[in-house]
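The structure appears below as structure tokens.
The values are calculated or read from the model by the stated rules, or taken from the named source; none is laboratory data. Because the structure is predicted, anything quoted here is derived from the model rather than measured. Note that each Cβ is placed from the backbone with ideal geometry, even for glycine, and that neighbours are counted across all protein chains shown.
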Amino acid sequence: MVNKHYPVQFKADAVALFRSRPGATIASIADDLGINRETLRSWVRADDQRRGTGASAGSARQAQVAPASVEDENAELRRRVRELEEERDILRKAARYFAGETRW
């Protein structure tokens with residue numbers, strides 16, 4: 001079996017995509033990106049260790065807490081917008097990559 005080497009930015013983007021989608025599973029994200037499920041799982045675990053959380057992928061998701069003030073809500077909404085923009089950018093990059101591979 002050939003070991004694939006992925007760019008650091010791709011790994012970070014894949015982990016960010018997983019973390020930004022509360023209902024998604026590692027399997028669904030890995031399948032969408034065309035990578036092995038265990039590969040993505042190891043990236044998530046490594047990111048957990050880097051962050052110092054030590055949580056597993058299943059327990060890394062936390063319940064949403066209602067914001068205490070308007071400022072907190074605005075900050076949360078801005079964070080969500082950044083996550084969605086990052087997801088969009090990842091999908092755009094993937095679409096460009098796969099479009100470049102297609103020779104019809």
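Could you pull out the residue among G23, G34 that is more than 13 Å from the chain's Cα centre (by Cα) and not charged (D, E, K, R)? Working first, answer last.
Values: G23 fails: more than 13 Å from the chain's Cα centre (by Cα).
Among G23, G34, only G34 is more than 13 Å from the chain's Cα centre (by Cα) and not charged (D, E, K, R).
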Checklist line | Sole exception among (1) modelled with pLDDT of 90 or more; (2) within 27 Å of L77 (Cα to Cα) for I35, by number | finding: (2)
Check: In the stretch 12-28, what residues are closer than 23 Å to R78 by Cα and either part of a helix (DSSP H, G or I) or in contact with a helix residue (DSSP H, G or I) (Cβ under 6 Å, 6 or more places away or on another chain) (or both)?
Finding: A12, D13, A14, V15, A16, L17, F18, R19, S20
Checklist line | Residue that is modelled with pLDDT under 80 and surrounded by 12 or more Cβ atoms within 10 Å (Cβ to Cβ), where the choices are A57, A66, A24 | finding: A57
